[in-house]
1. Filter the trypsin sites (Lys or Arg not before Pro) in segment 52-108 to those in DSSP coil with at most 11 other Cβ atoms within 10 Å of their Cβ, and list the result.
2. Can you give the angle from 0 to 90° between the axis of helix 15-31 and the longest principal axis of the chain, with both taken from C-alpha atoms, to the nearest 10?
3. Would you mind telling me which residue in LEU19, LEU11, LEU36 has the biggest mean-square fluctuation in a Gaussian network model of the chain, where springs connect alpha carbons within a distance under 10 angstrom?
4. Report, by chain and number, residues whose modeled amide H sits under 5 Å from the one on ASN101, excluding near sequence neighbours (fewer than 5 apart, same chain).
5. Considering amide H positions built from the backbone, and no H for Pro or chain starts, which residues 5 or more places from GLY90, or on another chain, come under 5 Å of its amide H?
6. Normalised by the number of residues in the chain, what is the relative contact order in percent for Cα pairs under 8 Å and 6+ residues apart?
7. Using a cut-off of 25 Å between alpha-carbon atoms, which lysines can reach LYS56, once sequence neighbours fewer than 8 places away in the same chain are excluded?
8. Got a sec? Charge dipole of the chain, +1 on Cβ for Lys and Arg, -1 for Asp and Glu; which of ASN32, ASN69, LEU11 is way out at the positive end?
Amino acid sequence: QLADLPGVLYLAANLETALAEVHYHQDKYWANIHGLNYERFVFRGLCCSFTDASMKDATALPMSDAIYNPDVYTHSHALGKAVKDARCPGLRYNSVRLEGNHCWALMT
C-alpha cells in the first residue's frame, strides 16, 4: 500500500503474508511488460527482529478505511508520508492481500 514511498522497508508478519503481498504487486508490474511470455523469478525471504513499541498502529482501522483500498493508494501514501514526516520509526498495518495478517512499513 505504501509501495512508492522512498526510504521505507516493507515487512510482513510471516512468509505467507509477504508472498501474498509480493505476488500481487509483481503480477501487476510484469503484466504490463509487452512480449513477456514466460519468466522465472526467484525471491528470498529475510527474517528480521525489531520492536514496534514506538510505531504508529493502523491495525485498529477497519479494512473499509480508505488506507486499505486495494487499488487506490492516495490515502495510504498520505498516511505513510505523515508518519515519516513526524519522524516516527514505522507503521503497523493490516495486510490487504492476506486477511487477518499484518505488515510494517519501517521508515529509514
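1. Numbers: sites: LYS56, LYS81, LYS84, ARG87, ARG92, ARG97; in loops: ARG87, ARG97.
In loop regions of segment 52-108 (DSSP not H, G, I, E or B), the sparsely surrounded trypsin sites (Lys or Arg not before Pro) are ARG87.
2. The answer is roughly 50 degrees.
3. Looking only at LEU19, LEU11, LEU36, the biggest GNM fluctuation is shown by LEU36.
4. Long-range HN contacts for ASN101: SER95.
5. Here LYS56, MET107 satisfy the definition.
6. Averaging sequence separation for qualifying contacts and normalising by length gives 44 percent for the chain.
7. By straight Cα distance, LYS56 reaches LYS81, LYS84.
8. In the chain, that residue is LEU11.
Read-outs throughout are calculated quantities, based only on the coordinates presented, and are distinct from any laboratory measurement. Everything numeric in this text was worked out from a predicted model, so none of it was measured. So basically every Cβ, Gly included, is an ideal-geometry build from the backbone, and we count neighbours across all protein chains shown.
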